[in-house]
Amino acid sequence: MNICILGAGAIGSLWACYLHKAGHNVSLWTKGDEPSITLSLDDLPAITFPANQTTHLSHADLVLIAVKAWQVETATLPIISFIKPSCTLLFTHNGMGAIQGVLPKLSKHNVLFATTTHGALKQNPHQLTHTGYGHTTIGALQQYGHDGSRSISDMLHQALGPVTWDDNIQQALWSKLAINCCINPLTAIKNCRNGELGDPATLAFIDALCLEISSVIHAEGLICKREALFEQVQQVIQATKDNYSSMHQDIYHGRATEIDYITGYLIQRAQARNLNVPLNEKLFKQIKQQEANNDH
Ligand code: KPL
């Protein structure tokens with residue numbers, strides 16, 4: 001399959017290496033204009049990918065958009081005129097709401113979303129470490145005529161499984177959002193690894209966050225029990241205890257965070273449903289403050 005990956009960050013690079021290893025024609029598309037990019041995954045031989053070439057983009061059967069939520073619009077809109085009608089677009093990023101401005105412009109394409117728990121770290125622009133094996137859930141945001149979506153899911157499963165197809169991707173996205181609402185802002189504010197959120201006082205705060213979050217998800221017409229969510233968040237804290245969350249890393253390195261698409265999205269949906277989420281609002285303000293401090 002001809003696959004073009006937008007964004008050569010940790011997750012985009014991880015998929016690029018595994019899809020290449022599985023025998024696909026993989027190219028990259030980045031903010032830069034370099035004609036090729038070399039990546040080394042763990043201690044495997046380096047791979048040189050063609051990059052930023054419109055011919056590769058126009059032949060792509062699949063475009064994987066693996067940029068941060070706040071980059072989705074600026075990265076995707078300029079490439080739309082190059083892609084063929086039968087090309088499927090697959091988005092993967094933390095948070096929700098980032099694709100809203102892009103979807104109407106993709107009305108003739110199949111559009112999928114993948115949420116993943118793989119951990120990857122870019123030591124430098126060329127060296128990548130697969131820090132944690134995870135699981136990927138994929139589903140359709142929009143289906144148009146041609147139906148190859150399940151085969152794309154199978155193809156991804158062969159390259160970097162397990163990948164499971166979910167007919168209710170909204171439920172999966174909300175579940176991931178709920179976990180990110182708990183872990184990401186707290187680790188950034190406390191400047192700690194995920195595992196350090198396990199003390200009784202922090203867990204009591206997380207439990208209260210889960211109550212607010214589950215009420216919003218429930219109001220959206222989806223299933224979410226506070227106890228089950230709290231249990232799930234504790235499992236993720238344990239499973240990723242040595243990791244720094246993506247928001248921690250963004251704040252630590254002075255970059256913009258995905259807070260608008262994580263806690264910000266939750267607050268927006270709560271307001272639309274006349275629900276109060278004061279603890280989430282408090283975390284949102286604290287992260288915004290830290291982002292502003294980073295700007296100086
Ligand atoms: O998705 C994550 C992130 O860091 O963005 C979690 C699940 C919190 C793992 O670190």
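Kindly express, to the nearest 10 degrees and within the range 0 to 90, the angle between helix 278-295's C-alpha long axis and the longest C-alpha principal axis of the chain.
Once rounded, one gets 60 degrees.
Report the calculated FRET efficiency for ALA201 and ALA228 (r = Cβ-Cβ distance, R0 = 30 Å), to the nearest 0.05.
Taking R0 as 30 Å, the efficiency between ALA201 and ALA228 is 0.85.
How tilted is helix 200-219 with respect to the longest principal axis of the chain? Cα atoms for both, answer in degrees (0 to 90, nearest 10).
70 degrees
Could you please state, rounded to a whole Å, how far the C-alpha centre of segment 76-146 is from the C-alpha centre of segment 243-292?
22 Å
Assign unit charges at the C-beta atoms only (+1 for Lys and Arg, -1 for Asp and Glu), then state the dipole size of the chain relative to its Cα centre in Debye, rounded to the nearest 20.
Magnitude of the dipole: close to 340 debye.
Which aspartates and glutamates have a Cα lying under 18 Å from the Cα of LYS282, excluding residues fewer than 8 positions away in the same chain?
ASP207, GLU212, GLU258, ASP260, GLU291
Rounded to the nearest 10 Å², what accessible area does THR74 show when all protein chains are kept and the probe is 1.4 Å?
110 Å²
If packing is taken as the average number of other Cβ atoms within 10 Å across a peptide's residues, how do 61-70, 147-156, 245-254 rank, most packed first?
61-70, 245-254, 147-156
With unit charges on the beta carbon (Lys/Arg positive, Asp/Glu negative), name the residue among VAL236, LEU275, GLN290 whose Cα is farthest towards the positive pole of the charge dipole of segment 171-294.
Of the candidates, LEU275 comes out farthest on the positive side.
Using a cut-off of 14 Å between beta-carbons, work out the net charge of the residues near HIS109 (Lys and Arg +1, Asp and Glu -1, HIS109 not included).
Summing Lys and Arg as +1 and Asp and Glu as -1 gives +1.
Measure up LYS31/LYS105; LYS31/LYS122; LYS68/LYS190; LYS122/LYS241; LYS108/LYS288; LYS108/LYS225 against 28 Å on the Cα-Cα distance and list the ones that go over.
Over 28 Å Cα-Cα: LYS108/LYS288; LYS108/LYS225.
Can you find, among THR54, SER149, GLY134, the residue farthest towards the positive end of the dipole of the chain? Put +1 on the C-beta of Lys and Arg, -1 on that of Asp and Glu.
Result: THR54, furthest along the dipole toward the positive end.
Per 5 Å bin, what percent of the C-alpha pairs of segment 2-167 does each bin hold, from zero upward?
Here the calculated profile for segment 2-167 is 2, 9, 19, 24, 23, 16, 6, 1, 0.
Once you treat every alpha carbon in segment 145-283 as an equal point and sum by Debye, what is log10 I(q)/I(0) at q = 0.12, 0.20 Å⁻¹?
-0.54, -1.19
Treating the angle as unsigned and between 0 and 90°, give the value, to the nearest 10°, between the Cα long axis of helix 226-239 and the longest Cα principal axis of the chain.
It works out to around 60 degrees.
If you build the convex hull over the alpha carbons only and average its shadow over all orientations, what do you get for the chain? Give it in nm² to one decimal.
Reported value for the Cα convex hull: 14.9 nm².
For the chain, what relative contact order do you get, as a whole percent, if you take Cα pairs closer than 8 Å and at least 6 residues apart?
Rounded, it is 14 percent for the chain.
The values are calculated or read from the model by the stated rules, or taken from the named source; none is laboratory data. Keep in mind it's a predicted model, so treat the numbers as computed, not measured. Reconstructed Cβ throughout: ideal geometry from the backbone, glycine too, with neighbour counts over all protein chains shown. Calculation scope for accessible area: heavy atoms of the full protein, side chains included, ligands and nucleic acids excluded. Shrake-Rupley method; radii C 1.70, N 1.55, O 1.52, S 1.80 Å.
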